[in-house]
Amino acid sequence: MPHPLLVDYLNTLIKKLDIPGYASRVALNFRISEYYRSRTGFPPVEVQLERGPSHSSHSTWRIVFVTSFSYPTENASEVDVELYFNFLRGWFYQPDAERCNLHQPKVTALYQSYEVAFLRQLALNSFDIIQATITAIDHAKAATELPYKKEKNNYGQTYH
């Protein structure tokens with residue numbers, strides 16, 4: 001399970017980004033630009049969050065998954081999934097190991113190690129790009145919070 005320090009940090013970040021109350025899921029992307037040029041350093045990370053069960057717009061967010069990306073080969077032109085910790089469904093994926101139960105001792109130890117490294121990068125303000133994208137909305141809340149406009153599509157709206 002994610003450490004409370006990480007959960008608190010992400011909840012604070014969401015508040016600073018002023019994510020609308022109708023957003024029910026948000027993807028946070030953390031990147032260090034230099035990684036794409038040099039292929040060294042801490043790789044890009046995506047954390048998807050889901051609004052907790054309290055139906056107020058200020059309820060806490062919980063981590064659905066944490067994914068790390070890297071270049072799979074020396075000649076690859078794009079990053080791909082390196083580590084995928086799915087807390088909602090209870091599984092872990094790594095290309096060499098395939099998909100397995102998240103709660104195996106080795107996987108738990110790997111996540112804890114990874115999380116310590118990620119928290120350290122956050123504490124050092126290493127990420128020069130932090131981007132939030134709404135991936136799901138609560139339609140009932142959206143109907144009351146958004147001006148009426150049928151063609152309005154709020155999926156994929158990005159916040160910096």
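The values are calculated or read from the model by the stated rules, or taken from the named source; none is laboratory data. All figures in this text were calculated on a predicted structure; none of them were measured in a lab. Cβ sites come from the backbone with ideal geometry, for glycine too, and all protein chains shown count toward neighbours. Just so you know, the surface numbers come from the protein's heavy atoms only, side chains and all, with ligands and any DNA or RNA stripped out. Shrake-Rupley method; radii C 1.70, N 1.55, O 1.52, S 1.80 Å.
Worth pointing out:
- Principal-axis tilt of helix 4-17 within the chain, Cα atoms, nearest 10 degrees: 50
- Along the chain, counting only trypsin sites (Lys or Arg not before Pro) with a DSSP assignment other than H, G, I, E or B and at most 16 other Cβ atoms inside a 10 Å radius, the longest segment between sites is 90-148.
- 15 Å beta-carbon shell around Gln112, net charge (K/R +1, D/E -1): +1
- Region 18-84: C-alpha gyration tensor shape, a/c 1.5 cut-off, then a/b vs b/c: prolate
- A simple count of charges around Trp61, restricted to other residues whose Cβ falls under 14 Å of its Cβ and scoring Lys, Arg +1 and Asp, Glu -1, yields +1.
- In loop segments of region 70-125 as defined by DSSP, the GluC sites (Glu not before Pro) with at most 12 further C-beta atoms inside 10 Å of their C-beta are Glu74, Glu78.
- Excluding the site residues themselves, the longest part of the chain lacking any chymotrypsin sites (Phe, Trp or Tyr not before Pro) in a DSSP loop with at most 16 other Cβ atoms within 10 Å is 1-147.
- Whole-number D in µm²/s for region 1-123 (Stokes-Einstein; Kirkwood sum over Cα pairs; 37 °C, 0.692 mPa s): 212
- Rolling a 1.4 Å probe across the protein heavy atoms gives region 74-129 an accessible surface of 67 Å² per residue.
- Angle in degrees between helix 105-123 and the longest Cα principal axis of the chain, rounded to the nearest 10: 70
- FRET efficiency estimate (nearest 0.05) - Cβ-Cβ, Arg39 to Gln112, R0 30 angstrom: 0.70
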